[in-house]
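Report on one structure; see the data block that follows.
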C-alpha cells in the first residue's frame, strides 16, 4: 500500500477534498491505481474523480441533452481526465470535432468495461437509428453520431476549461537577455470543387485572405521555446502591435524578416528595440533555386550543407567558396551580390534564423488546413494556438495539466469565461487570457505597453 500525497491535486476525492487518499491495488482490468478516500477510516470508499461541469453537455450513454439545473445520473458525468485528454488532442493538432469524438470513444470504452465487470448491460451508446453523412467526392458514406454536438460541446469545453488551463500555464516572464524570434503565416478562405468534377472535394486555388497567425519564441537550454501566438485579421501594423503588447516582457532584440509593418510595430511598442534580419528566407530562396536545377539535399552535398552554413559565419565562408565553384549560375549571381551582406550578418550576435518558429507555424498550418481558412472566431483560435505551443514545447503532460487546471478551478485569482461567452466573438487587441487571469495584464512590465 502506497500512501498518496495530500497536496497532489490529481488524487483528491471530489466529495471530500481535504480527506487523505491512498492507493490500494489496481482498478479492475486496468493498470491505473485504485484510489481510496479515508474521510471515514472505518468505511473507506473509492475516491471520486473531480468532474468538469456536472450539469453541462451531452450524455455519452443515452445522448440526452442537459443544461444548468437539470440533474443527470452520475455515470453520465464527464470526468476531469477526459477534459485533459480533449485539450491534449487539440494541442496535437486535431480539430475540435475529432478531439471530442476521441474523448467519447474513451468514455464508451469505460462504460463497456464497467458493464463487463458488473454484468449489468449499459444503455446503448448511440441512437438506434444511425445517421449517415454522404460525401459525393469520396464516393462513400459513413455513420455519424450527432456531429453538431461534438462541435458544440468541444467549443464549450475549450471556452470553460481551455482558457483556464492556458491562463494557468502561460508564460508570464522571460529572460531579458534573450532574443525574440517571430514570424507569421497567413490563411486563405477557399472553396471546394463541386461534385462531378475531376477535382471534386479538393480546395480551389486562390481565395481571399482570411486571417494570420503570429508567433514568437526564444532559445533555451532545453531547446526552442514558443512563448506566444495570436490569431489576427492580417499581418499588418495593428496586428503586430496587438501581438507585441500581449507578450510578457521586453526582449533584448527581435529576430524577424524585414517586414516594414513588423519593424514599425516593434519600435512603437518597445522604443529603441533592435530588429535583426533572419537568414531563414535567404536559404529558402537558395534552396528553391537549387531545386529548380534538380539538385536536392539527399543527392547533393552542397545543398545538404547549405542550411547549416546560413547559421554559422565560418561554415558560410567555406560553403560560399564551394558554391561559387559548383553552384548553379543563379545561385552564383545571388552570392556575388549578397554574399558580403550575409557574411557581415553572421559575424554579429546570434540567433540568425527564424527556422525554429517556422517549424511551429508548419504544425499550425497542418492543424488548421482542414478548415481551409474559414475560421471566423479568432479569439477562440488563440486558445488552440496556445495548446499547440504547449505540445511543441513538450509541456502538455497529463499530470501537469491536471494539477494546473484543478488549481485554477479552485483559485479566486481565475475567473471563468461566461457561459458561451466567446460565441461570435470579434477580434480584440487584448488577449482573451487577460479576462481570465487579470494579474497577467497587471504583471506586464511598463516597457511592453504601447505609449
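For beta carbons closer than 8 Å, sequence separation of 6+ or different chains, a first residue in the range 321-334 that is outside the structural domain of residue 303 (by TED's automatic domain parsing) and at pLDDT below 95 and a second that is outside any helix (DSSP H, G or I) and loosely packed, with under 13 Cβ neighbours inside 10 Å, there are no qualifying pairs.
How many residues does the range 375-410 hold that are in contact with a strand residue (DSSP E or B) (Cβ under 7 Å, 6 or more places away or on another chain) and either within 19 Å of residue 432 (Cβ to Cβ) or loosely packed, with under 15 Cβ neighbours inside 10 Å (or both)?
Here the count works out to 7.
Does residue 209 fit the bill of being in a helix (DSSP H, G or I) and either under 25 Å from residue 366 (Cα atoms) or out of contact with any strand residue (DSSP E or B) (no Cβ under 8 Å at 6 or more places or on another chain) (or both)? Answer is no for this residue. Do we have any residue at all in the range 162-172 that's surrounded by 17 or more Cβ atoms within 10 Å (Cβ to Cβ) and either at pLDDT below 75 or assigned to a loop (DSSP other than H, G, I, E, B) (or both)? Yes, some residue in the range 162-172 is surrounded by 17 or more Cβ atoms within 10 Å (Cβ to Cβ) and either at pLDDT below 75 or assigned to a loop (DSSP other than H, G, I, E, B) (or both). The single condition from (1) touching a helix residue (DSSP H, G or I) at 6+ places or on another chain (Cβ under 6 Å); (2) outside any helix (DSSP H, G or I) that residue 374 fails is (1). If you check residue 289 against the conditions, is it surrounded by 14 or more Cβ atoms within 10 Å (Cβ to Cβ), part of a helix (DSSP H, G or I) and touching a residue at least 40 places away in the same chain (Cβ under 8 Å)? When the stated conditions are applied, residue 289 passes them.
Residues in the range 234-249 that are in contact (Cβ under 8 Å) with a residue 60 or more places away in the chain and outside any helix (DSSP H, G or I): 246, 247, 248, 249. Here 53, 6, 22 are screened, and the one residue that is assigned to a strand (DSSP E or B) and either modelled with pLDDT under 65 or buried (at least 16 other Cβ atoms within 10 Å of the Cβ) (or both) is 22. Within the range 292-319, the set of residues being part of a helix (DSSP H, G or I) and either within 32 Å of the chain's Cα centre (by Cα) or under 17 Å from residue 352 (Cα atoms) (or both) comprises 304, 306, 307, 308, 309, 313, 314, 315, 316, 317, 319.
The values are calculated or read from the model by the stated rules, or taken from the named source; none is laboratory data. Quick caveat, the model's predicted, so the values are computed rather than measured. Backbone-built Cβ (ideal geometry, glycine too); neighbour counts: all protein chains shown.
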